[in-house]
Amino acid sequence: MLTPIPYVKPIAAVTGCLALAATLTACGGSSAASDEKVVTVYSADGLKGEAGDGWYDKVFKDFEKQTGIKVKYVEGGSGEMVQRAAREKSNTQADVLVTLPPFIQQADSKGLLEAYRPKGSDQVGGGDKASDGKWTSVVNNYFGFIRNKKEPNPAPKTWEELLDAKYKDKVQYSTPGVAGDGTAVLIKALHDFGGQEPAMAYLKKLQANNVGPSSSTSKLAPKVDKGEILVANGDVQMNFAQARTMPNLDIWFPAKEGGKPTTFALPYAAGLVAKGPHSDNGRKLLDFMLGEQAQREVSAIGGGFPARQDVKPTDANAVALAELMDGVEVFEPDWTDIDENLTAYVDAWKTATGS
């Protein structure tokens with residue numbers, strides 16, 4: 001759907017942990033093992049609609065209708081979900097884990113994932129799946145920022161504009177090391193400013209206008225929509241879906257002064273949990289999520305991008321998303337470096353901002 005952008009390797013890679021959104025649905029009182037017609041999903045937030053109108057809502061409902069298998073859903077930040085699965089390693093509760101990078105790689109390094117190549121995964125690009133079959137993207141997505149459409153006028157286009165006094169207490173981004181999209185702020189800053197030192201110098205200056213930490217990225221959009229703050233971070237899929245009920249949201253990609261707007265892919269990547277209580281059902285759900293029908297609904301219902309390259313939807317959302325990404329340079333972070341140096345990058349940010 002999008003014209004590939006030439007590979008641009010970041011000069012320094014970067015941070016953080018991930019999104020600690022509130023758990024909306026828990027596993028319930030009884031163990032998943034007590035019911036053979038069940039599959040338990042641990043997932044990062046963003047794909048389930050607050051009004052029951054998200055991609056997960058539709059896919060899970062259709063999956064249960066077709067198979068009779070009920071989906072038990074647990075939601076939180078990617079880092080939180082990986083940590084929970086790790087704590088439960090001796091008594092595994094989840095069957096499927098869905099997180100953003102670099103946390104799907106982190107889950108793999110902790111031995112939490114079992115190799116499985118879902119049907120349709122042969123149509124997923126090589127950079128969007130593990131070569132050993134440990135995880136596969138099910139929804140493609142991109143990091144972005146949001147701003148209030150009404151003010152200020154003109155709207156900001158660069159990082160540097162956010163340092164202006166008119167943004168005092170009007171900028172907020174989710175916390176690196178806690179929120180996934182907060183970690184993404186660091187990744188983009190490191191790339192755009194050309195390394196750790198200039199990126200941290202900028203974020204130190206931005207701190208004068210920053211409201212303060214937020215463990216949840218999804219909670220920032222309502223603030224922007226109401227004008228309580230004017231700029232926040234997010235991601236295209238989540239914010240595009242939120243914009244249905246928040247008409248003042250505008251998605252944008254800050255550029256460094258004199259440069260082009262940039263972003264990078266933040267796909268929802270799914271893996272089969274090792275020694276899950278219902279692994280066969282987990283495999284069926286992964287197959288279903290990568291099925292052509294579910295993939296065609298990624299844009300129309302979820303506001304995201306299909307993971308399968310052979311699925312090219314033409315609905316109104318798909319057209320709008322393609323227009324949104326037009327002219328934006330997509331770079332590829334060094335996820336291996338980010339995974340290995342996650343703590344050091346977060347510490348550098350804490351030192352720079354006094355957080």
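The values are calculated or read from the model by the stated rules, or taken from the named source; none is laboratory data. No experiment lies behind these values; they were computed from the predicted model shown. Here Cβ is always computed from backbone atoms with ideal geometry, including for glycine, and neighbour counts include all displayed protein chains.
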Handout entry: Considering residues of region 74-100 that are modelled with pLDDT under 95 and not hydrophobic (A, V, I, L, M, F, W, C) only, the residue farthest from Thr183 (Cα to Cα)
Key = Glu75
Completion exercise
Given the conditions (1) exposed (fewer than 15 other Cβ atoms within 10 Å of the Cβ); (2) over 22 Å from the mean Cα position of the chain (by Cα), every one holds for Thr158 apart from (1)
Exercise for the section: Could you check, for region 251-260, whether at least one of its residues is touching a residue at least 12 places away in the same chain (Cβ under 8 Å), closer than 27 Å to Val74 by Cα and not assigned by TED's automatic domain parsing to the domain that holds Arg117? Expected result: no
Handout entry: helices (runs of 4 or more DSSP H) wholly inside region 194-256 that include at least 1 residues being more than 17 Å from the chain's Cα centre (by Cα)
Key = 196-206, 220-226
Problem - Residues of region 135-161 satisfying the condition of being under 28 Å from Ser78 (Cα atoms) and outside any strand (DSSP E or B) - result: Trp135, Asn141, Trp159
Problem - So Thr336, is it of a type in the set (Val, Ile, Thr), more than 27 Å from Tyr116 (Cβ to Cβ) and either not assigned by TED's automatic domain parsing to the domain that holds Ala107 or not in a helix (DSSP H, G or I) (or both) - result: no
Exercise for the section: Evaluate the following for Val171: is it in the same structural domain as Tyr345 (by TED's automatic domain parsing), more than 16 Å from Ser218 (Cβ to Cβ), at pLDDT 95 or above and within 21 Å of the chain's Cα centre (by Cα)? Expected result: yes
